[in-house]
1. Could you please find all residues in region A:102-111 being within 13 Å of the chain's Cα centre (by Cα) and in a strand (DSSP E or B)?
2. Residue pairs, Cβ under 6 Å, 6 or more apart or interchain, first in region A:24-46 and within 17 Å of residue B:9 (Cβ to Cβ), second outside any strand (DSSP E or B). List them.
3. Can you name the residue in region A:78-96 that is touching a residue at least 60 places away in the same chain (Cβ under 8 Å) and assigned to a loop (DSSP other than H, G, I, E, B) and, of all such residues, is surrounded by the most Cβ atoms within 10 Å (Cβ to Cβ)?
4. Looking at this structure, is residue A:69 surrounded by 19 or more Cβ atoms within 10 Å (Cβ to Cβ) and over 30 Å from residue B:108 (Cα atoms)?
5. Quick check on this structure: which one of A:62, A:75 is crowded, with 19+ Cβ neighbours inside 10 Å and more than 13 Å from chain B (Cβ to nearest Cβ)?
6. With the checklist (1) outside any loop (DSSP other than H, G, I, E, B); (2) under 24 Å from residue A:38 (Cα atoms) in hand, flag the one item residue B:65 doesn't pass.
7. Among the residues of region B:9-53, what is the count of those that are surrounded by 15 or more Cβ atoms within 10 Å (Cβ to Cβ), assigned to a loop (DSSP other than H, G, I, E, B) and within 13 Å of another protein chain (Cβ to nearest Cβ)?
8. Taking residue A:41, is it farther than 20 Å from residue B:34 by Cβ and within 14 Å of chain B (Cβ to nearest Cβ)?
């Protein structure tokens, strides 16, 4: 079946602009995760959605970052007033129940 | 805070050589352990996982990993690597309990020379 998809695959933006990244999880997966991978570093947890429970936002690096998920479907990660240090690959994963399946990522470049 | 350490950042091997990639974690409670692999140009995918039971876990493509609780380690092994094993390998830990978030190591880039 279809895997996790993310769009756009690449995004170049100017410092100070807002960006929105999209994730389409595998149908039926109740959990959805966002991670960030900066160059030369491991994956950094950002936020986790589980069904209708309140999301675990403990990994969001600042209040410029926010994410939403409608039910058990699409999620969007929004970064406001982007900074150069936000440049990274943003990965989305979904799971049911434990194994996380990753999307291809969105490569964000902030000039 | 829980952390995961992968001490080998870049490993170069010849085909047929044996592989062992180290992974140590800091959490003292119940953990679930994972190795993920990212082949060039592809998504991250699960190689193997440990939840409970036999501490020697077999994964895909001939990989295995051993959970040694006393050493807080979950090292990845393969007796004979192939050129197609060239990839980046990530160790990850999930704390026991309600959260399902994974804590990842920084990754090990493996290059296998033909």
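The values are calculated or read from the model by the stated rules, or taken from the named source; none is laboratory data. Please read all numbers here as calculations on a predicted model, not as lab measurements. Neighbour counts are summed over all protein chains in view; Cβ atoms, including those assigned to glycine, are modelled from backbone coordinates with ideal geometry.
1. Within region A:102-111, A:102, A:106, A:107, A:108 meet the criteria.
2. A:41/B:106; A:42/B:105; A:42/B:106; A:42/B:107
3. A:82
4. So residue A:69 fits the description; yes.
5. Exactly one residue qualifies, and that residue is A:75.
6. Only one criterion is unmet by residue B:65, namely (2).
7. Residues that pass the stated criteria total 2.
8. no
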